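To start, the structure under review is shown below, and the notes come after it.
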Amino acid sequence: MNTMLNTTPHPAIALEITLPELLFDQLQRVLDTHPTESLDSLTHKALAVYLLHLKQLESN
């Protein structure tokens with residue numbers, strides 16, 4: 001079960017993000033090299049990478 005659902009009073013939300021192919025490839029490499037990593041951990045990393053990418057786009 002998702003631990004975030006157990007620790008927050010708010011209902012879960014669905015979030016769909018379209019990633020550029022380069023970022024998707026990077027995330028796929030993470031999955032390939034760490035197949036036992038939890039979905040929560042991978043989701044957190046994916047969001048962090050995505051937000052960093054957006055921040056870099058805004059700087060340019």
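The values are calculated or read from the model by the stated rules, or taken from the named source; none is laboratory data. No experiment lies behind these values; they were computed from the predicted model shown. Here the Cβ positions follow ideal geometry from the backbone for every residue, glycine too, while neighbour counts run over all protein chains shown.
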Where a residue in the range 31-60 is more than 17 Å from Glu16 (Cβ to Cβ) and its partner, wherever it lies, is polar (S, T, N, Q) and surrounded by 10 or more Cβ atoms within 10 Å (Cβ to Cβ), with Cβ under 7 Å and at least six apart: Asp40/Asn2
Total residues in the range 33-54, condition part of a loop (DSSP other than H, G, I, E, B) and of a type in the set (Gly, Ala, Ser): 1
Leading residue by the ranking (modelled with the highest pLDDT) among those in the range 14-32 that are of a type in the set (Val, Ile, Thr) and assigned to a loop (DSSP other than H, G, I, E, B): Thr18
Yes/no for Pro11 being in a loop (DSSP other than H, G, I, E, B), more than 10 Å from the chain's Cα centre (by Cα) and either at pLDDT below 80 or among the basic types (Lys, Arg) (or both): yes
